[in-house]
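Colleague: Submitted below is the structure of interest, expressed as structure tokens.
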Amino acid sequence: MDTLLDIKRLSKTFGTIKAVDGVDFRVGRGEVLGFLGPNGAGKSTTMRMVAGYLTPSSGRIEVCGFDVASKPVEIRRRLGYLPEGAPAYGDMTPASLLSFVADIRKIKGDDKAHRIGHVAERLELDTVLNQPIETLSKGFKRRVGLATTLLHDPDVLILDEPTDGLDPNQKHQVRTLLSELAKDKAIIISTHILEEVDAICSRAIVIARGKIVADAKPAELLAKSKLHNAVALRMKRDFLEPAKVVLEGMESVAGLRQVDVGESQVHLIVLPKDGANIIDQVRHQVTQGGVALEELFLERGRLDDVFRELTRAA
Ligand SMILES: Nc1ncnc2c1ncn2[C@@H]1O[C@H](COP(=O)(O)OP(=O)(O)OP(=O)(O)O)[C@@H](O)[C@H]1O
Ligand SMILES: [Mg+2]
């Protein structure tokens, strides 16, 4: 793995609060890492330290092999950081802010115009380029923030809730953009939207009370769900009793859950023993038993279940 971000034993204490407590991880080129955790878990504090905005109480951070504490110039060139909330300088327009950020980053001449045009197009800012930022809607403000983060085409992107406040179309657009960018970068996004993790992240870290409680691929997290490989059946109510008799007699079934849908339809969730995939057996047995199925599918699991389990116990 081409490691672009290396975090070692990172901690941050505010008075008596241990906001970040011995966090260790690496992120490689091509990875999109989802950073998850309940409110106050320490996500933003970790991201601020990586960006050099906050000094760690202990531990070490390297970006592209450069130490964040001692090589601020090298870091600034290689890192893009989107803080929580709206961009500062609300009285500027997106055009003037992007121009200002380009100047700070010493992006000049044709390159400057090209880069500003490029990010404005990718984030669909064309219609608002000359409107004061403070008068923009929340979603546009977020996209202006993202545009400034991407302007110098950094290797490492640290994005604190990048899709917060975006409408569903824009969320989709930003996720697509991040997936494209991920090919030659390392990206960390914090989010409270669990389906976002499934949609774009190659890996997820769950943090609770300042400590990492899981570091896995989204599919591996899903596999921890109680509903992983559960078989969902939908049938007319008349078939409920015969279906139950068949399923309760199956060796591979650990349990059944019934969910009523309207007057005439019923869902049965069949929980397998040891998380095994028993969909073919279930289909075979219930149809043999004379049950007509309206629908049958395999549950992948629910990330929100897993998230609750992981963050409750920590
Ligand atoms: N500057 C500060 N001074 C004192 N305490 C702070 C400071 N910044 C953060 N904290 C505390 O550190 C802990 C972690 O906060 P942080 O903002 O990192 O959480 P988070 O995971 O980003 O939460 P959220 O999901 O709500 O954004 C919280 O208890 C918070 O109150
Ligand atoms: Mg936060």
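The values are calculated or read from the model by the stated rules, or taken from the named source; none is laboratory data. As the structure is a computational prediction, the values presented were derived from the model and not from experiment. Cβ: placed from backbone, ideal geometry, glycine included. Neighbour counts: every protein chain shown.
Colleague: Of the conditions (1) more than 9 Å from ligand 2 (Cβ to nearest atom); (2) in contact (Cβ under 8 Å) with a residue 40 or more places away in the chain; (3) not polar (S, T, N, Q), G52 clears all except one; give me its number.
Modeller: (2)
Colleague: Can you tell me which of E248, E241, E294 is among the charged types (D, E, K, R), more than 30 Å from L221 (Cβ to Cβ) and in contact (Cβ under 8 Å) with a residue 60 or more places away in the chain?
Modeller: After applying the criteria, what remains is E294.
Colleague: Just checking, how many residues over region 64-98 are within 16 Å of ligand 2 (Cβ to nearest atom) and of a type in the set (K, R)?
Modeller: Residues that pass the stated criteria total 0.
Colleague: Now for a different question. Run D280 past the list (1) surrounded by fewer than 14 Cβ atoms within 10 Å (Cβ to Cβ); (2) at pLDDT below 95 and report the number of the one that doesn't hold.
Modeller: Going through the list (1) surrounded by fewer than 14 Cβ atoms within 10 Å (Cβ to Cβ); (2) at pLDDT below 95, D280 breaks only (2).
Colleague: Can you tell me which of (1) closer than 29 Å to K217 by Cα; (2) assigned to a helix (DSSP H, G or I); (3) touching a Leu at 6+ places or on another chain (Cβ under 9 Å); (4) in the same structural domain as V261 (by TED's automatic domain parsing) is the one Q281 doesn't meet?
Modeller: Single failed check for Q281: (3).
Colleague: Across region 24-38, what is the total count of residues that are surrounded by fewer than 20 Cβ atoms within 10 Å (Cβ to Cβ) and touching a Leu at 6+ places or on another chain (Cβ under 9 Å)?
Modeller: 5
Colleague: If you take the residues in region 124-146 that are among the aliphatic types (A, V, I, L, M) and more than 19 Å from the chain's Cα centre (by Cα), which one is surrounded by the most Cβ atoms within 10 Å (Cβ to Cβ)?
Modeller: V144
Colleague: Has region 263-283 got at least one residue that is more than 30 Å from the chain's Cα centre (by Cα), farther than 22 Å from S225 by Cβ and free of Cβ contacts under 8 Å to residues at least 24 places away in the same chain?
Modeller: No.
Colleague: Turning to a different aspect of this structure: Given the options R300, R237, R203, name the one that is of a type in the set (D, E, K, R), surrounded by fewer than 17 Cβ atoms within 10 Å (Cβ to Cβ) and under 32 Å from the mean Cα position of the chain (by Cα).
Modeller: None of the others qualify; the one that does is R300.
Colleague: Select, from F66, F14, the only residue that is within 16 Å of ligand 1 (Cβ to nearest atom), assigned by TED's automatic domain parsing to the domain that holds L177, modelled with pLDDT of 95 or more and of a type in the set (F, W, Y).
Modeller: Of F66, F14, the one residue that is within 16 Å of ligand 1 (Cβ to nearest atom), assigned by TED's automatic domain parsing to the domain that holds L177, modelled with pLDDT of 95 or more and of a type in the set (F, W, Y) is F14.
Colleague: Can T45 be described as over 25 Å from L177 (Cα atoms), away from ligand 2 (no atom under 16 Å from the Cβ) and not in a strand (DSSP E or B)?
Modeller: no
Colleague: Another question, if that's okay. Residues being assigned to a strand (DSSP E or B), closer than 27 Å to K185 by Cβ and not β-branched (V, I, T): count how many of those fall in region 2-32.
Modeller: Result for region 2-32: 14.
Colleague: Assuming Q173 fulfils every condition listed in (1) without any contact (Cβ under 8 Å) to a residue 60 or more places away in the chain; (2) within 20 Å of P83 (Cα to Cα); (3) surrounded by 19 or more Cβ atoms within 10 Å (Cβ to Cβ) apart from one, which condition is it?
Modeller: (3)
Colleague: Identify, from the list G109, G80, G15, the residue that is within 27 Å of the chain's Cα centre (by Cα) and of a type in the set (G, A, S).
Modeller: Result of the check over G109, G80, G15: G80.
Colleague: What is the residue count in region 39-92 for residues that are hydrophobic (A, V, I, L, M, F, W, C), surrounded by fewer than 17 Cβ atoms within 10 Å (Cβ to Cβ) and in contact with a strand residue (DSSP E or B) (Cβ under 7 Å, 6 or more places away or on another chain)?
Modeller: Going through region 39-92 one residue at a time, the tally reaches 0.
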